[in-house]
Amino acid sequence: MTFDLPSVGLPELGPFGGDDAPDCDCSASFHEPVGTGVDDRVVLAIDADGCAGAGDLASSPACRATVVRALTDRDADVVRTRHGGRERSYAGRSVALLVAAGRFREQVRFHEERLADRVARDPLGAAREAAGRAGPSSRIAAETGLDALAAAAVDEASALRAHAGPTVAAARVAADPPADATLVDRWEVRTDATVRLYEGSGPLRTYHLTPPSASLDADALATLAAARDGLLADPAGGDRAPGRAVRAVATDADPVPELAAALRRHTRGFGVLEHVFADDRVSDATLTAPVAENPLRVVVDGERCATNVRLPPEGAATLASRLRRTSGRGFSRASPTLDATIGTESGTVRVAATTAPASDGLSFTFRRGDPESWTLARLVDAGTLTPAAAGLLSVAVERGVSGLVAGGRGAGKTTALGSLLWELSPSTRAILVEDTPELPADALASADRDVQRLRVGGGAELSPSEAVRTALRLGGGALVVGEVRGEEAAALYEAMRVGAAGETVLGTIHGEDPAAVRERVVTDLGVSASSFATTDLVVVLDDHRLHTVAEVVDHGGDTAFEPLFERTGNGLAATGRIDRGESRLVDGLASPEGSYATVRDAIDRRTERIRAAVEAGRIEPERSGAGRSEATSTGRT
């Protein structure tokens, strides 16, 4: 991702001379970027090209003096230095220290020019000197906040911690780990990024990401920046354009493949977020409004962590623009929420975004998902459910069950529903009704399945209820509703009531147990109790683990739930209802020529085949799935 946003500029200040900065060739200017959704934000931009200090404020006293001198006359919300294709961004406590040094310098030089000169190059040393005195310098240090900020700092490296990245990137990444942090884990992701997990004094662990671009030297970064300019002017475009742009400006010494990958990632993909999305240990990522004040946070193995990644307002605005283009949906003050699925290097990711007036500026929540590769066998392998439960669900779906997959937010409902679609008979046509494409329609079609998706919401022509009714008119087949949450519920239950021509009817719904599902359907969504009684099965997940498989028993229009599998202290276990011959579901799955015993035998055989597939590592869609050579019928009794 790149950003070239208009700004309101002030005259360039030029290099700051003087005895205390003879070796700094930086030039400084203030800008107020517009189009970012953040008002009155002032950026002090430092052009460090040609400067020996390279704009590194932690290591170069001369560059530090240039910045503090500029801040003597005006405050800034962020300081950015650019050198050789790399940008360093100083925000939070780092910019607060620099601003405090500028304010201190403005006031103290009336009393003492020497201390004013020192604070420009050495804010920490000047603060300690002022604090040890009586008189105006000590008072000014306290009033400007310089003494408190300096007291909390160990050295310049920790006090002036920068988030850096190539100028072609939107996000900025801190290279140094948190102060006093302890390394607890380290791993690589498939994009060649390195992740280190640190534990410190704060409430959250730190997910410390080192992208491959961090190893690029100044010459390579300059080549990358030039390639970005060439890419923008490329009339041919296409997927090969990033590589073509790099080769047009690269030298023999440049790492061309790495530069092409970086350029593609930052201009065609989602930049540094691609590395996060590629990490199988990360399930969710959030950027909370206001983005200028919050780092990216991720959920790693179920634990929320802070990160060393920040997205400045300009980068957030660019991300929002890209989401509008890729989703084809409006996202602005007039339409301040967005729910979409995006394609990344590593699979699909669902994103929910908000902006003003719905939130305090732009915010994003990402949830990794790859429903195309999830099967019942893979869920068994991941510990979500047991082979026995998978065998039951496989046979039930293949033979025409009407069921709901329930759970709370992030419980894994869509993943589970996507895995069930692979259990439909290959001859079954499936109609998928979704507002946000998440179910594996493309993968199923690639496996020669007859699948059609009906898009609803987000400006689509069909309403959810119209889409369900349209699906019924499109002919016999399985009907799948991505999420049952509104007016489509009545139409869906009409489909369940008539049996949808004897085919499978599935959907997901929010609810933490079967009783909560019934309450939501009947009370909240207005479906009659007698219609709800046509539900055969309710599957409940909690934190990506199957919690309950319950059949719905109709007692003259009143419903009860009988668990077939439920999670105990020893894991997911069968209740014995099927083996005792008491299951209404199993009895209903029998064909006119079959019996309860034949269905139970089919479930046992399916269980063993799924167990064998898991043991052999055959968990992908093309190779898993139940034994379709079994003579089964989708007819219902």
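The values are calculated or read from the model by the stated rules, or taken from the named source; none is laboratory data. These numbers were taken from a predicted model, which means no experiment stands behind them. Cβ atoms come from the backbone with ideal geometry, glycine included; neighbour counts cover every protein chain shown. Only protein heavy atoms, including side chains, enter the accessible area calculation; ligands, DNA and RNA are left aside. Shrake-Rupley method; radii C 1.70, N 1.55, O 1.52, S 1.80 Å.
Observations on the model:
- Projecting the Cα atoms of ILE46, LEU296, THR210 onto the charge dipole of the chain (Cβ charges, centred on the Cα centre) puts LEU296 farthest toward the positive pole.
- Note on the stretch 62-124: with neighbouring protein chains present and a 1.4 Å probe, carbon and sulfur make up 42 percent of its accessible heavy-atom surface.
- Inter-label distance, nm, simple model (7 Å from Cα along the C-beta direction), VAL553/ARG240: 6.7
- Computed helical MRE - 222 nm, the chain, DSSP H runs ≥ 4 contributing -39500 (n - 2.57), nearest 500: -9500 deg cm²/dmol
- Computed over protein heavy atoms with a 1.4 Å probe, the carbon and sulfur contribution to the accessible area of the stretch 293-447 reaches 46%.
- For the stretch 144-224, convex hull of alpha carbons as volume per residue, Å³: 141
- Across the stretch 336-428, Cα pairs under 8 Å and at least six residues apart give a relative contact order of 22 percent.
- Beta bridges per DSSP, both residues in the chain: antiparallel share near 70 percent.
- Accessible surface of ASP450 - all protein chains present, 1.4 Å probe, nearest 10 Å²: 80
- The chain - percent relative contact order, Cα under 8 Å, separation 6 or more: 9
- Förster radius 35 Å - calculated FRET efficiency between THR365 and SER595, Cβ distance, rounded to 0.05: 0.10
- Working note: Cα gyration tensor of the chain, eigenvalues times five, square-rooted, sorted largest first, giving semi-axes of 58, 25, 22 Å.
- Accessible surface calculations at 1.4 Å, restricted to protein heavy atoms, place the chain at 41 Å² per residue.
- Stokes-Einstein diffusion coefficient of the stretch 556-610, Kirkwood radius over Cα pairs, 37 °C, 0.692 mPa s, in µm²/s: 259
- Overall, the accessible surface of the stretch 158-283 at a probe of 1.4 angstrom is composed of carbon and sulfur to the extent of 50 percent.
- Across the stretch 492-601, the mean sequence separation of Cα contacts (distance under 8 Å, 6 or more residues apart), normalised by length, yields a relative contact order of 16 percent.
- Dipole-positive endmost among THR508, PRO166, ALA382 within the chain (Cβ charges, Cα centre): THR508
- In the distance distribution for the stretch 312-433, Cα-Cα pairs more than 16 Å apart total 69 percent.
- Approximate spin-label separation ALA131-ASP543, in nm, with each point projected 7 Å along Cα-to-Cβ: 4.3
- Between ARG325 and VAL34, the contour length at 0.36 nm per residue exceeds the Cα-Cα span by 102.7 nm.
- Peptide ranges 377-383, 118-124, 326-332 listed from the most packed, as the mean C-beta count within 10 angstrom indicates: 118-124, 377-383, 326-332
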